[in-house]
Amino acid sequence: MKFSMKRSLRTAALAAMVLTAGCATPPTDPDARAAYDEANDPLEPMNRYFFEVNYAMDQLFFRPIAGMYRTGVPEPVRDAIRNMLRNLRAPLIFIHDLAQGEPHRAGVTLQRFALNSTIGLGGLIDVADELLGLQYHDEDAGQTLAVWGAGESFYLMLPFYGPSNPRDAGGIIIDSFIDPVSILFRIYGPSYGPMARSVLTALDARSRAIDALDEVERTSIDFYATLRSLYRQRRIDEINNGQPSGNQNAPTIMSDGSSPFLEGAPSQARVPSAVTPVAAPMPTVRLAPKDQISQRPQ
Amino acid sequence: MLLTRRMAGRALIATAAAASMLLALPGSIGPAMAAPADEAKAFLQELADRTIATLNQKELSQPQRIDAFRSLFSQGFDVRSIGQFVAGRSWTKASEPQKVAYLQAFEDVTILTWALRFDQYAGEKLTIDRTREDGKAILLESQIVRPGKDSIRVDWRVEKGPNGWKILDIVASGTSLAIAQRADYTAVIQQNNGEFDGLIRALRDKRQKLRQQAKLEN
């Protein structure tokens, strides 16, 4: 008893240490503070650590395996596998459609499930989409919680799973309990069913994201921060079912099209090179001096 | 001397601008009364068509393609306004030389990034489904159909400025590129103890890497 008490105390102390070490200290500078609040990532040091681990694992195992799957398995087969996986999700999606007060979408999910499970050969062919244009949509417990008013709280990088937040992470756990297909697997088996389904789902998702993720990594400077923003935006879009939320700010054309900071410079230089007239000669890229890749009015 | 020359230059421009406005005014009340949304749509469709036409020119070398893309890109996008937005809060605190250096690097990186993706656009088709207004901007909701892949939903944020219609943001499946990029750059500045120069350095490194990828280094 005494021993276990000591042990749990030690565990608690360790947990507290990890959490404190994982916490970022909010900056005092107002601009830095605003950026900190916008990132909404108080556990950033810890999250970045898990991101590095996930990234290493991904580059070593998951991405190569997903790549082999993509090249080794013909596209029609991969599409059939995805159709089947999506069909297995239909009962869960139906529950969430209803829980979110979307009877029309629930109807679509129900019709899709009925058609694809039968005529679609157990979900292998998405006949509902191909014949009737009843398109697939996804839902999960994280989205339902959001519709019910739960915020994301803060950003969370889950080991193995990747970008998330407390709400969506909780959603994953809820879904594992309420998913009708998971329950059926547990009652009737086969025992390898849930595992096979999870592996295939991960494989399908990763293989389809290869190009997009490579691209984000290639074009970004801070891959972690870019993914954080993309994940957050994607979730908002999913929660709103693709409808514009309309409260995000966006770039706008600067009032007069000139660059305010070049005030007083010769007028030629005030024409932004990005908007030079169509008739301007094509800039040469290859022969440009080292620090400039194009010729532009100086 | 320099000052007077500059002032004379400005006076000339002002006169020319006034003259062109006087000349243009009566005409603009006439037949050219297309709705802004239609104008925006025509602008994007035309840009897409020209991009496809350039893509179909198989005889172009890599540097020529990048040139062609740079030109298309310059006509289509307001890179400076985008650059200013994605710099985030740091923009107001940056010095003039920093701003110039940043915009230069940003523009180069942006254009090289897109130009290197050029091959991927082959066979893609753009259809504009809907338009909606958002303040000064018009959002063109489109589908991009890609051979052998799922089609993607892309919204184009366009605005009419003194240099005509310009694209300001691309929103793919609800994710805004400008917002993601601003998050990226803000983090880079943060990681560099809030120094704007850290971002400029990072962009210059990126430019160097992209140039090597494009094999433009000699």
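Annotations
- When B:Asp134, B:Asp150, B:Asp129 are screened for being at negative phi, under 19 Å from the mean Cα position of the chain (by Cα) and not hydrophobic (A, V, I, L, M, F, W, C), only B:Asp134 passes.
- Filtered residues of the stretch B:194-218 (kept if at positive phi and either within 8 Å of chain A (Cβ to nearest Cβ) or modelled with pLDDT of 90 or more (or both)): B:Gly194
- In the stretch A:232-250, residue nearest to A:Tyr49 (Cα to Cα) [restricted to those that are more than 7 Å from chain B (Cβ to nearest Cβ) and open to solvent by less than 50 Å² (accessible area, probe 1.4 Å)]: A:Arg232
- Any pair with Cβ under 8 angstrom, 6 or more apart, that starts in the stretch B:126-141 at a residue that is facing chain A (nearest Cβ under 8 Å) and among the basic types (Lys, Arg) and ends at one that is open to solvent by less than 70 Å² (accessible area, probe 1.4 Å) and part of a strand (DSSP E or B): B:Arg132/B:Ile138; B:Arg132/B:Leu139; B:Arg132/B:Glu141; B:Lys136/B:Glu159
- Check on B:Ser151, open to solvent by less than 10 Å² (accessible area, probe 1.4 Å), hydroxyl-bearing (Ser, Thr, Tyr) and over 30 Å from A:Asp29 (Cβ atoms): no
- Residue in the stretch A:280-291 that is among the aliphatic types (A, V, I, L, M) and modelled with pLDDT of 50 or more present: no
- Matching residues in the stretch B:32-41 - criterion: being charged (D, E, K, R) and loosely packed, with under 13 Cβ neighbours inside 10 Å: B:Asp38
- Hey, B:Leu112 buried (at least 22 other Cβ atoms within 10 Å of the Cβ), touching a strand residue (DSSP E or B) at 6+ places or on another chain (Cβ under 7 Å), within 9 Å of another protein chain (Cβ to nearest Cβ) and not acidic (Asp, Glu) or not: no
- Pick from the stretch B:157-178, criterion within 30 Å of A:Pro26 (Cβ to Cβ) and either touching a residue at least 40 places away in the same chain (Cβ under 8 Å) or more than 7 Å from every other protein chain (Cβ to nearest Cβ) (or both), ranking: surrounded by the most Cβ atoms within 10 Å (Cβ to Cβ): B:Asp169
- Helices (runs of 4 or more DSSP H) enclosed by the stretch B:42-95 - at least 2 residues per element that are open to solvent by less than 20 Å² (accessible area, probe 1.4 Å) and more than 9 Å from every other protein chain (Cβ to nearest Cβ): B:62-76
- Selected residue (only one of A:Gly149, A:Gly123 is on the phi > 0 side of the Ramachandran plot and touching a Lys or Arg at 6+ places or on another chain (Cβ under 8 Å)): A:Gly123
- Pairs with Cβ under 6 Å, 6+ apart, first in the stretch A:69-91 and open to solvent by 40 Å² or more (accessible area, probe 1.4 Å), second part of a helix (DSSP H, G or I) and aliphatic (A, V, I, L, M): A:Leu88/A:Val181
- Residue list for the stretch A:179-209, filter: loosely packed, with under 15 Cβ neighbours inside 10 Å and touching a helix residue (DSSP H, G or I) at 6+ places or on another chain (Cβ under 7 Å): A:Pro180
- For the stretch A:35-68, the set of residues classified as of a type in the set (Asp, Glu) and open to solvent by 60 Å² or more (accessible area, probe 1.4 Å) consists of A:Asp37, A:Glu38, A:Glu52, listed by residue number.
- Of the helices (runs of 4 or more DSSP H) lying entirely inside the stretch A:119-227, the ones with 1 or more residues being free of Cβ contacts under 8 Å to residues at least 24 places away in the same chain, within 30 Å of A:Cys23 (Cα to Cα) and under 21 Å from the mean Cα position of the chain (by Cα) are found at A:166-178, A:193-219.
- Some residue of the stretch A:93-103 being among the charged types (D, E, K, R) and out of contact with any helix residue (DSSP H, G or I) (no Cβ under 7 Å at 6 or more places or on another chain): yes
- Inter-residue pairs, beta-carbon under 7 Å, first more than 7 Å from chain A (Cβ to nearest Cβ) and in the stretch B:179-191, second aromatic (Phe, Trp, Tyr), 6+ apart: B:Arg182/B:Phe85; B:Ile189/B:Phe196
The values are calculated or read from the model by the stated rules, or taken from the named source; none is laboratory data. Not measured: the values here are computed from a predicted model. Using ideal geometry, Cβ is built from the backbone for each residue, glycine included, and neighbour counts are taken over all protein chains shown. For accessibility, only protein heavy atoms count, side chains too; no ligands or nucleic acids. Shrake-Rupley method; radii C 1.70, N 1.55, O 1.52, S 1.80 Å.
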